[in-house]
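Data block below; observations after.
The values are calculated or read from the model by the stated rules, or taken from the named source; none is laboratory data. All figures in this text were calculated on a predicted structure; none of them were measured in a lab. Here Cβ is always computed from backbone atoms with ideal geometry, including for glycine, and neighbour counts include all displayed protein chains. Areas reflect the complete protein model, heavy atoms only, side chains present, ligands, DNA and RNA absent. Shrake-Rupley method; radii C 1.70, N 1.55, O 1.52, S 1.80 Å.
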Amino acid sequence: MEKADKHEVLIVIPTYNEAENIEALVRAIKGIRLPLDVLVVDDASPDGTGEIVERLMRQFEGLFVLHRPKKMGLGTAYIAGFQYALAHRYKMIMTMDSDFSHHPRYIPDLLAQSTAYDIVIGSRYVPGGGVQNWSIIRRAVSFVANKLARAILGLSSYDNTAGFRLYNRRVLEAIHFDRIQSNGYAFLVEMLYLCKKSHFNIGEVPIIFEDRRVGKSKISKTEILMAMKTLAIYGFDRLGSRTGQAGKRS
């Protein structure tokens, strides 16, 4: 049931086995002197992540947890959070990782741009942004993935694989979640392409991405292959759209 004192901003945090991070993250977010609600979407973490959030809910107002029955993937976790936010009439929806790679100190920076842009990205690849504690291979993979996303999908943003984002609710109202084809980290690229097709404007603010403090990364070779598949699917979609427009003009 919706509470009368609900705030306008909901932060959606997908989790799977983040017991080592989640309490510190919630406390850091709630320590920011801004009216923010937090929804943790937990995929039945066997390490008790969801139960930690349940305990913290007794201490913090505006903290909620959505328990899912099994590990179902990052993309569907975002969608579940978006649907919750829309159902509860939040005006702005932020997404961020649960491992402090997206530091809460940047939350005010994203919110400050919410009147200028429909989607605001916490970006590693604009002036002032960057990464810390990454291997050369990981830097190269991320760099190439974002270059390909810009070239193939025609995106103007530079950090298209970033999960640190702020959406205006009208953006999420325009997206048909049942038509989304990808899960995992490829979902992030697909969402930006769909936002671009719907003519929403996208802005970026610089962040320093800090590799996770504790716990194990969820990125795998399968995730990378799925991202490449998503680029191919929507690259052809964009090509078809451009061909159709050219045909109309002629």
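Structure above, values below:
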quantity	calculated
Inter-residue pairs, beta-carbon under 7 Å, first open to solvent by 50 Å² or more (accessible area, probe 1.4 Å) and in the stretch 180-202, second of a type in the set (Val, Ile, Thr) and not in a helix (DSSP H, G or I), 6+ apart	TYR185/THR161; TYR185/ILE219
Number of positions in the stretch 124-156 that are hydroxyl-bearing (Ser, Thr, Tyr) and under 21 Å from ASN183 (Cα atoms)	1
Complete set of residues in the stretch 139-154 that are of a type in the set (Val, Ile, Thr) and over 14 Å from ILE233 (Cα atoms)	VAL141, VAL144
Test for ALA85: is it touching a strand residue (DSSP E or B) at 6+ places or on another chain (Cβ under 9 Å) and at pLDDT 95 or above	yes
Check on VAL205, closer than 20 Å to ALA85 by Cα and at pLDDT 95 or above	no
Search result, residues across the stretch 64-99 that are within 28 Å of ASP211 (Cβ to Cβ), touching a residue at least 40 places away in the same chain (Cβ under 8 Å) and among the basic types (Lys, Arg)	LYS71
Those residues of the stretch 147-174 which are surrounded by fewer than 16 Cβ atoms within 10 Å (Cβ to Cβ) and among the aliphatic types (A, V, I, L, M), in sequence order	ALA151, ALA174
ASN146, sole failed condition from (1) at pLDDT below 95; (2) over 18 Å from MET226 (Cα atoms)	(2)
Scan of the stretch 116-145 for residues that are among the hydroxyl-bearing types (Ser, Thr, Tyr) and part of a helix (DSSP H, G or I), ordered by number	SER142
Candidate set from the stretch 133-146 (those that are without any contact (Cβ under 8 Å) to a residue 24 or more places away in the chain and either within 12 Å of ASP211 (Cβ to Cβ) or β-branched (Val, Ile, Thr) (or both)); member that is least open to solvent (accessible area, probe 1.4 Å)	SER142
Options TYR117, TYR125; residue that is touching a helix residue (DSSP H, G or I) at 6+ places or on another chain (Cβ under 9 Å) and at pLDDT 95 or above	TYR125
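Yes or no, residue by residue, for (1) at positive phi; (2) over 18 Å from the mean Cα position of the chain (by Cα); (3) not hydrophobic (A, V, I, L, M, F, W, C):
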| residue | (1), (2), (3) |
| --- | --- |
| LYS91 | no, no, yes |
| ALA145 | no, no, no |
| ALA151 | no, yes, no |
| SER157 | no, no, yes |
